[in-house]
Every structure is written in C-alpha cells, then in structure tokens.
Amino acid sequence: MKGKNLQIDSQGRLRHFLSISGLNRQLLTEILDTAESFAGITEQTVKKVPLLRGKTIVNLFFEASTRTRTTFELAAKRLSADVLNINITQSSASKGETLLDTLRNIEAMHVDMFVVRHAESGAAHFIASHVEPHTSVINAGDGRHSHPTQAMLDMFTIRRVKGPDFGRLRVAIVGDVLHSRVARSQIHALNLLNTGEVRIVAPKTLIPAFAESLGVKVFHDLRAGIQDVDVIIMLRLQHERMKGALLPSEHEYYELFGLTEKKIDQASPDAIVMHPGPINRGVEMDSEVADGPRSVILQQVTHGIAVRMAVMSMAMRSKQEGDG
Amino acid sequence: MATGSRGKQLRIRIHGGRVIDPANGIDAITDVYLAKGRIAGLGSAPDGFTADEEIDAAGCVVCPGLVDLAAAMREPGQEQKATIATETRAAASGGITTLCCLPDTSPVIDTPAVAELIRLRAAHTGKARVVTLGALTRNLDGEHLSEMAALRKAGCVGVSNAHRPMLNNLVLRRALEYAATFNLTVYLLPNDHALANEGCAHEGQVATRIGLPAIPEAAETAAVAHLLAVIEQVGVRAHFCRLTTGRAARMIARARYDGAPVTADVAIPYLYLSENDLSDFDSQCHVIPPLRTIEDRQQLRAALQSGTIQAICSDHQPHEPDAKMGPFPATEPGISGLDSLLPLSLRLVEEQVLDLPGLIRCLTIAPARILGLPYGSLSVGASADICIFNTDMTWMLDNSNLRSQGHNTPFAGWEMRGRVVHTLLEGRVVYSLRS
C-alpha cells in the first residue's frame, strides 16, 4: 500500500476521493468542469439525471453532520442512486464492533460507494484500502486531515465569482487552521490551482507547526492578513477551544479575529466572504457580514450539491470503465 | 539464573569463528570453549578439555548473546498479543539471550509475586533469560511509592514508571530518593504527558500536512530537563530510555559531561524511520514516542558514535493484527522488534555509523552494564550466552519468517543482511538455523 496512490486508477482517473493532496491540477479542473455541467441540472424543475441508476451509495457517518450529509444525499438522489444513511455514533460503534467489521457488514449488502465521515485522521484512507475493488470511497471529513469535497465546492464558488484564473487571486483563510480539515484541503487545492497568494490568519495557538511548509504566508493580525485579498474564508471556531488554553475568550477572539464590515475595508473592494458553516455569529463574523453583499455562504451550500454529484459520478465512472 | 537446569550443558568447542568480545577488547579468529554453562576459555583449549560437541563457526561472528533493554512479553495480561514462551523463542532466534521487560504488565510488576511469575514462566521455557523492572509507584499510579526493597529482593534489576506520568516533581523526587536508598537504577521514559496532549505523530511538517494530532519535541526535552534537575539533586543512577530527539541527546551529553550518573538508549526503529514514513497513515509506523525528523535520526546516530547513547534496544512491542487495523490515531502504538534487532543493527556497520565491535558493544556489554548484570561478555567464568551469526547471509523479513507472535513491523519486505545461526544460553544451544 505504501507509496501507491489509492485515489487514482491505472488510467489516471479518480477512483476514490480521499484528499486533495495526491491529485493534480488537471483532475481538480475536471471536477470543477463536471460540477459546472451538473449545476445547470440542479436549477431545472426536474433535477434528476439517470447516471447512477441502480447504484447503492451509503452515507457512513461516524460523526454528526447535517449539512454535509444532506448535500451528499441530495447529490446521490439527483444522480438517481439509492441512498442509505447510517449514523454509526448511535449504532454499532457503541456496541464495540470494529470499524472494519462495520464496513464488511455493510459491504456484504453490495454497496457501490461509501461516503465516510470519521473523527480520526486517516479513516477514509483506511477504509479505502480495505474495501472490495468494486467499491469507491468519498471522504466527507476525517479528523483534522481532509474534507476534499468542501474544498472543491469552495474552489467552485471562487471560480464562478472570480473567474478561472486563480493566479491573480489573493486568498486569506482566517481562524482555527490547526484543527481544521477544511483549511488543509483548501490550502492544498488553492496551491494546486496556482493561486497567487494563500494566507492564513490566526493567533499562534491555532496555527500548526511549520505552517509555511504548506505553501502559505502566516499572519497574526487580521487587518494585515486580509489587506488587498480577493477572497476571505472564515473558519468555524469550536467552543471547546476555550477549554484547551488555546484562547482566552470568544470575546477577545471576536475583537481580534472576528470579521466586521469595518475590517473588511482592508480587503480588495470586490472581495468575497466565505464560510464552510455553520457560522458562529458574533464570534468569527458579524451577521452584517454573513448576510451582506460580499457573502457567498449560501451559494457555497448550493454548489456543494453539484460538486458532490461531480465527484460521485467521476469515481463511479472510473470503476465502470475500470481495470476489469 | 532464570533459565532452570533443563537440557544438558555439554562441553562445547566453537571453532573457526571471528570472536568479537568488546568487553575484553577481543576481535580475532579463534576458538571458544564452554563447560558447565560457562566460558571455559578462549584461544587454546583449557587443560584437560575434551569437547562433547563441536560448533563450526567458520565465516561467522561469535559474540556474547545480545542484551535487549526493552522487550514487552505481554504476559501477564495481554496474552492475545504474545506470551513469554513465544517471545523468548523469538529472542533466541534473534541471538538475544537476555531481555528486560517494563513493569507495565497487567497486573503491574509492583509485587514480588508478579516478578516471580515472569521469572518462572521464562525459566520454564528456557529459551532466554527475562529480567524485570519493578514499578516505581504502586500500580504505576505516579503517586504512591512501590515496595522497592521487596521488588529488588524478588529480582527486579531496576525500577521504572514505564509510560505513565508521575503526579508531580515532589513524588518524583521521593521515588528517586527511595530507589537510590536500595541502589536501584531508575529507568525513565522522558515524556511530558501534558505537552504530548494525546498526540500520535511528531509535530512537524508531515503531521501538519496530513492533520495528525502532534507531539512536540518539547514533550521529550522538557521532560529530560526536569528529570535531569531532580536526578542531579538526588544523585540517583538513572537511565534514559528511548531517546528520539537530537536535542534530548545533546542534553544528556551535557549532563554526562558534568558528571551526572546517567546513561541512555535508543530503539532501533528510530535509527531508520522518520516522520516521513507516516505520510500514508501506515499504522505499522505508529510508535510512542513518535518517529521524529530525518535530522533527529542523524543526530541519534551521531550520539551513538560519541557514546552519549550507549545501548541499542528493540523496544519490542508485539501486537495482534487487530491492534493495527484502524485509522492511524486509533491504532495501538509499537513495533515488534526482536526479529529485526540484529540485522537492522548490522546495517549501521554497512552505513559506517559504527564498526562491528562498536555495534556489538551497544548490543551486549553496554546494556548489561546499564542493567548491572554480569552478562554481555566472553570473559572466562562468565555465563556461556553466545550469539553466532553469519554476516553475509541475506534474507527478506516477512510474515513467514517472523518468530515473534506479533507480526506488526514496518520492516516487512526489507532485505536483511546477517542472520543468526546458533544461539546459546548458559552453554545450551537454544536456537539453530535450519539449513
């Protein structure tokens, strides 16, 4: 398994979608282009295509989620697949069944694709390296590692609003990068798409060690960090960060790193504001900003469906035409 | 001492081998004579010696049986992973004749009864000598002193709190003082548990990229610093187990220079692997303390050369397959190391880190001296614990030839050079390679 890229089949096509790193610009662009073709469908009155008719997709969520699970479910249904939602936090894990046993049992029901969310980094890789050859795995978030469909819907949103040339863009990601699988995936995606400049902005307690090695510039001051940027991506601040001596209070965090209309003046005049949701209003950003003209937060949610349709259909196509 | 009297202790002549005995500065092609379980002589036969058996060691190295400072037997308590019987057999096939196990068994080695149980099990198998470290605190709770005098009487060669934290520096000081009262060496695994923060990978570029909860270098160095401060205050003899960072090695070097009674070891995986081996979430590389950077690996090798680190151990931690089946952070840490200790160590000679006598020193007399045991040498009168290995034989480590019950090793598929041909414990052949 070592050194082998699980995600790509022998013909360079998407086999599983586990992380952004390990993919190339061509594949990311293909995902965005495919999503573009599906975006039209989701705006029609009949929102279904028969691409995955007869296929069974299982949403295997070991961690609670509403938005991500719902958009994955909608995406699968719009591709005409049969969808099963399994919430393991309330199921077999509490009975002591191992992850592999859970997987084998569901697999025995002849599943074509797993959409997996798990609290441990590397869970999607683990599952992908143990499924039957005819099964694809889509990572819907694993620990602090990766949330690649979120990153791709963000790229999709940026491309729709700002155009396809990422090279002229400055993007700032603000908040808890240390614990964020979303930020890691966004950084990898932005760099693969040759974004002009990627910045991260947070106090040192929320920045991972050797962050520059990810290909970002690190800022500890919000105003400086968002100066002249075209895209501001705000991250959700979990309440439990106050407990681990990472921050003194939500109040001070808001004062220093909360995004307000006033602070946005530093950014480029047509800068957009993004957030993976759910928002803590009054902690990472003001309602004025979240609901304001620069906000594309709800578009991100809509785009999530098209991007997930794209990834699912691509992974399924790889094995249909697959290696035999 | 721990091996009982089964099997006949024949008079044996081992002839034609390259005899390397760093304790006595010997490196020569010569013969070794064994009688009554002891070394009877080197070179020419002792007066009146007639061999019952001859071992042809031509083309092989003949050295003292290896002494491994850290091997978990998993017994008592975790027999699904391994047992004393399976692991002492694996040790014998790896040329290891003395194994030291930490007190973190279940129950903990905090009473003479548990120490005695382990001794008896090993003696019953008779394949390798097993010595124990007693618990520094009762049930390793980090708070209440164990009955160290009783543990010493029961044969424990030192005391340790294994991987468990001490409640505070006052308890640490008292425990070290009490251990020093009985002249017990304290074995310390330097780890600041709060700083480690339940991480599973080195806090570096790899953990940052793939989002693994990380353990900073300071988890080791901060622990070494405060342990050294207390050790120097108390004056206890202390051994630092499993250093993983170059910075910690430099701190130990400085303390030794200043006269502190401290020694240190390194486990063999840390001399070959690094944080980079985690990029694919390979759970076989999940170890605690974590694999550090390439620079740390280089500095640990340099510390071996300079003598700051005196001993190399396997840090053997066998697991059942399920323990390694899961997302990386959820798997159990540890590598099964008895099978690969000698062949991996021999690579250090190939890579010119150490010469062969220097390496054998790190695997025999140096750890024996740390343990305060009269093994690891071929001195006349010493226990006839001998490892005979072929330096040129190459083989591939894989599931079919692993002798340990734990098959959890990232070195499967590595080509190994050097293979044990015979192992003798107290003058008895406990392992011979089938040709």
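The values are calculated or read from the model by the stated rules, or taken from the named source; none is laboratory data. Quantities reported herein were computed from a predicted structural model and do not represent experimental measurements. Backbone-built Cβ (ideal geometry, glycine too); neighbour counts: all protein chains shown.
Overview of values
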item: A:SER19 modelled with pLDDT of 95 or more and either within 14 Å of chain B (Cβ to nearest Cβ) or more than 20 Å from the chain's Cα centre (by Cα) (or both); result: yes
item: Hits in the stretch A:133-157 (condition: in a strand (DSSP E or B), of a type in the set (S, T, N, Q) and either within 13 Å of chain B (Cβ to nearest Cβ) or under 16 Å from A:MET274 (Cβ atoms) (or both)); result: A:ASN139, A:SER146
item: Search result, residues across the stretch A:221-235 that are touching a Leu at 6+ places or on another chain (Cβ under 9 Å) and either surrounded by fewer than 16 Cβ atoms within 10 Å (Cβ to Cβ) or among the β-branched types (Val, Ile, Thr) (or both); result: A:ASP221, A:ILE226, A:VAL229, A:VAL231, A:ILE232
item: Given (1) out of contact with any His (no Cβ under 7 Å at 6 or more places or on another chain); (2) within 13 Å of another protein chain (Cβ to nearest Cβ); (3) within 28 Å of A:MET274 (Cα to Cα), number of the condition A:ARG78 does not satisfy; result: (2)
item: Search result, residues across the stretch B:253-273 that are in contact with a helix residue (DSSP H, G or I) (Cβ under 7 Å, 6 or more places away or on another chain) and either within 14 Å of chain A (Cβ to nearest Cβ) or farther than 25 Å from B:LEU346 by Cα (or both); result: B:ALA255, B:ALA260, B:VAL262, B:LEU273
item: Boolean, A:SER249 is more than 14 Å from chain B (Cβ to nearest Cβ), hydroxyl-bearing (Ser, Thr, Tyr) and exposed (fewer than 14 other Cβ atoms within 10 Å of the Cβ); result: yes
item: Restricting the stretch B:327-358 to residues that are of a type in the set (Val, Ile, Thr) and more than 14 Å from chain A (Cβ to nearest Cβ), the residue that is surrounded by the most Cβ atoms within 10 Å (Cβ to Cβ); result: B:ILE335
item: Any chance B:ASP398 is away from chain A (no Cβ under 14 Å) and touching a Gly at 6+ places or on another chain (Cβ under 9 Å); result: yes
item: Listing of strands (runs of 3 or more DSSP E) fully contained in the stretch B:48-144 that carry 3 or more residues being out of contact with any Gly (no Cβ under 6 Å at 6 or more places or on another chain) and not assigned by TED's automatic domain parsing to the domain that holds B:THR331; result: B:53-56
item: Residues that are free of Cβ contacts under 8 Å to residues at least 60 places away in the same chain and crowded, with 21+ Cβ neighbours inside 10 Å, drawn from the stretch B:65-98; result: B:MET73, B:GLU75, B:ILE84, B:THR88
item: Sole residue being charged (D, E, K, R) and at positive phi, chosen from B:GLU198, B:GLU203; result: B:GLU198
item: Segments classed as helices (runs of 4 or more DSSP H), wholly inside the stretch B:181-238, with at least 3 members that are within 14 Å of another protein chain (Cβ to nearest Cβ); result: B:193-196, B:205-210
item: Qualifying residue in the stretch A:43-60 (condition: within 14 Å of chain B (Cβ to nearest Cβ) and either polar (S, T, N, Q) or within 18 Å of the chain's Cα centre (by Cα) (or both)); result: yes
item: Failed item, numbered, when B:ARG419 is tested on (1) part of a loop (DSSP other than H, G, I, E, B); (2) within 24 Å of B:ILE12 (Cα to Cα); result: (1)
item: Search result, residues across the stretch A:14-52 that are part of a loop (DSSP other than H, G, I, E, B) and more than 23 Å from A:GLY141 (Cβ to Cβ); result: A:GLU43, A:GLN44, A:THR45, A:VAL46, A:LYS47, A:LYS48, A:VAL49, A:PRO50, A:LEU51
